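Please read the structure below before turning to the comments.
Laboratory data are not the source of any read-out in this text; all were calculated from the coordinates shown. Only a predicted model underlies this, so the values are computations on that prediction, with no experimental measurement involved. FYI the Cβ positions are ideal-geometry reconstructions off the backbone, even for glycines, and counts take in every protein chain you see.
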């Protein structure tokens, strides 16, 4: 059995394509709401649950600190942190290894006001 530097177990037969297929089928936090995916209510519930489980995330990310600065997030998932960087005024770009794209933050996401 292999271990990643964080101590998490890694399957010895894992491949990049296998991980991509897994992420395509179930992006992180996608089931944190029973509302229709893509609605404001859905994303509000996902964000509330994520930060309830990980209350340290907003303090760690320091969203307001990045106002006016470029932020690149690799592995953005469904974009919970991306929206918060954009809300705080960052020039945000998020990329993900998954093929499922939800929003181009700040341009099409109704949760980000300019």
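Here are the numbers for the structure shown:
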read-out: FRET efficiency, 1/(1 + (r/R0)^6) with R0 25 Å, evaluated for residue 69 and residue 30 via beta carbons; value: 0.30
read-out: Estimated distance in nm for a label pair at residue 61 and residue 39, the labels positioned 7 Å out from Cα along Cα-to-Cβ; value: 2.3
read-out: For the range 2-95, diffusion coefficient by Stokes-Einstein and Kirkwood Rh (Cα), 25 °C, 0.890 mPa s, µm²/s; value: 163
read-out: Potential lengthening between residue 48 and residue 14 on full extension [0.36 nm per residue; Cα-Cα distance subtracted]; value: 9.1 nm
